[in-house]
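Undergrad: Supplied in structure tokens, the structure appears directly below.
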Amino acid sequence: MPESPIGIFDSGVGGLTVLKALRELLPGENLIYFGDTARVPYGTKSHKTIIKYSIQNTKLLERFRVKMVVVACNTSSAHALDILKEEFPFPIVGVVEPGAKEAVKNSKSGRIGVIGTEATVKSEAYRKAIVSLDPFCQVYQKACPLFVPLIEEGWLDDEITEMVAKRYLGELLSKEIDTLVLGCTHYPLIKKVLSRVCGGVKLVDSAEAVAREVEKLLPSKNRGNRGTVRILVSDKTERFERIARMIMGEEVEIEEVEIDKE
Ligand code: DGL
């Protein structure tokens, strides 16, 4: 049904950058977001646990009769996307493939940097996706585990965040990359700091890339005026509300739901 919602999930708040990009590109669509705030972070968890959580989150969204699910978490996309595509009858879009495509399209030298959580980097998902699009690309990766807590603290344009970024990115920049994939849905929030640290390197924001991919793959478009947005979490806290307001730039109502753990 065209009016069925698009489901989006992430381990917590980061995926709201994707929700926002979807809201801007597809304002007529009804959107339902689930942030697994009770179990965040995923970036430090094992392959097996990330798969288990990703299946449970998709089942939760299925209860709302979604027409499509967007895995707005790089860690889940890197570890669980193929399994989700096999298990569920509706289209499932991850963030890795659109980010990789955008990077290959943008890079002139073929020297591409990727930053993400430890689990995303360890999965090699970006390297595989980039090299399968262009085998001549050189991919340099770096896990940046301190970025997520700094962002959740609200230190988006802060000298401490900049110092941490310089420390993490020094090695990648010394490889003369011309493109850097922000391989974690939290990272677009510190784009200003990253641009300063990276100079002329092109930053690839997977939130925008994924919104364009969703537009292409949508089984049916809702032609209504302004779609609705529902935000669900597994643990409702003031912290989530504060960050959600900051990301969405509007008042948002947040509902707590029980994850079906069977
Ligand atoms: N949103 C997650 C991602 O894109 C990062 C946060 C986490 O570790 O759960 O990988």
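The values are calculated or read from the model by the stated rules, or taken from the named source; none is laboratory data. Quick caveat, the model's predicted, so the values are computed rather than measured. With ideal geometry, Cβ positions are generated from the backbone for all residues, glycine too; neighbour counts draw on all protein chains shown. SASA here: full protein model, heavy atoms, side chains in, ligands and nucleic acids out. Shrake-Rupley method; radii C 1.70, N 1.55, O 1.52, S 1.80 Å.
Undergrad: Accessible area of LYS101, 1.4 Å probe, to the nearest 10 Å²?
TA: Taking all protein chains as shown, LYS101 has close to 80 Å².
Undergrad: Also, I was wondering about something else. With a cut-off of 8 Å between alpha carbons and a minimum separation of six or more residues, what is the relative contact order of segment 96-242 in percent? Working shown, then result.
TA: Details: 188 pairs, mean separation 42.0, N = 147.
Dividing the mean separation by the residue count of segment 96-242 yields 29 percent.
Undergrad: If I compute solvent accessible area with a 1.4 Å probe over the protein chains, what percent of it on the chain is carbon and sulfur? Let's see the in-between values first.
TA: Working: 5870 of 11900 Å².
So the carbon and sulfur contribution to the accessible surface is 49 percent.
Undergrad: Let me ask something else about it. Which residues' amide hydrogens lie under 5 Å from the amide hydrogen of VAL229, considering only partners 5 or more residues apart or on another chain, with H built in the peptide plane?
TA: So VAL229 has HN proximity to LEU31.
Undergrad: Over all directions, the average projected area of the alpha-carbon convex hull for segment 101-192 comes to how many nm²? Before the final figure, lay out the partial values.
TA: Numbers: hull surface 22.2 nm².
Average of the hull's projected areas for segment 101-192 equals 5.6 nm².
Undergrad: Taking the simple approach of a point 7 Å from Cα along Cα-to-Cβ for both SER109 and PHE136, what is their distance in nm?
TA: 1.6 nm
Undergrad: If you don't mind, another one. Give the calculated FRET efficiency between SER174 and ASP235 to the nearest 0.05, with a Förster radius of 51 Å applied to their Cβ-Cβ distance. Before the final figure, lay out the partial values.
TA: On the way: r = 41 Å, r/R0 = 0.79.
FRET efficiency, SER174 to ASP235: 0.80.
Undergrad: Would you mind checking the tilt of helix 159-173 against the longest principal axis of the Cα atoms of the chain, expressed as 0 to 90 degrees and rounded to 10?
TA: It is inclined by approximately 70 degrees.
Undergrad: Follow-up. Spin-label point model (7 Å from Cα, Cβ direction): what's the SER195 to GLU3 distance in nm?
TA: So the two model labels end up 4.0 nm from each other.
Undergrad: For the chain, what does the accessible surface come to per residue with a 1.4 Å probe? Please give it in Å². Write down the numbers at each step before the final one.
TA: Values: 11900 Å² over 262 residues.
Result: 45 Å² per residue.
Undergrad: Still on this structure, I have one more. Given the Cα-Cα distance of GLU255 and THR49 and 0.36 nm per residue of separation, how much length would full extension add, in nm? Don't jump to the answer; show the numbers that get you there.
TA: Details: separation 206, 0.36 × 206 = 74.16 nm, distance 2.44 nm.
Result for the pair: 71.7 nm of gain on full extension.
Undergrad: Once phi is turned into θ = phi - 60°, what whole-Hz ³J(HN,Hα) does the Karplus curve with 6.51, -1.76 and 1.60 give for every residue of segment 74-81, x standing for Gly and Pro?
TA: 5, 5, 5, 4, 5, 9, 10, 4
Undergrad: Report the equivalent ellipsoid semi-axes for the chain in whole Å, largest first, defined as the square roots of five times the eigenvalues of the gyration tensor built from alpha carbon atoms.
TA: Over the Cα atoms of the chain, the semi-axes work out to 28, 20, 18 Å.
Undergrad: Turning to a different aspect of this structure: What whole-number distance in Å separates the alpha-carbon centres of segment 88-108 and segment 222-262?
TA: Segment 88-108 and segment 222-262 have Cα centres separated by 24 Å.
Undergrad: Using 7 Å Cα-to-Cβ label points, what is the GLU86/LYS216 separation (nm, one decimal)?
TA: 2.5 nm
Undergrad: Take the residue pairs LYS20/LYS166; LYS20/LYS101; LYS52/LYS122; LYS128/LYS192 and return only those whose Cα atoms are more than 25 Å apart. It would help to have the intermediate numbers written out before the result.
TA: Values: LYS20/LYS166 28 Å; LYS20/LYS101 21 Å; LYS52/LYS122 18 Å; LYS128/LYS192 28 Å.
Pairs exceeding 25 Å: LYS20/LYS166; LYS128/LYS192.
Undergrad: Starting from 0 in steps of 10 Å, tell me what percent of the Cα-Cα pairs of segment 1-54 lands in each bin.
TA: Percent of pairs per bin, in order: 23, 44, 25, 7.
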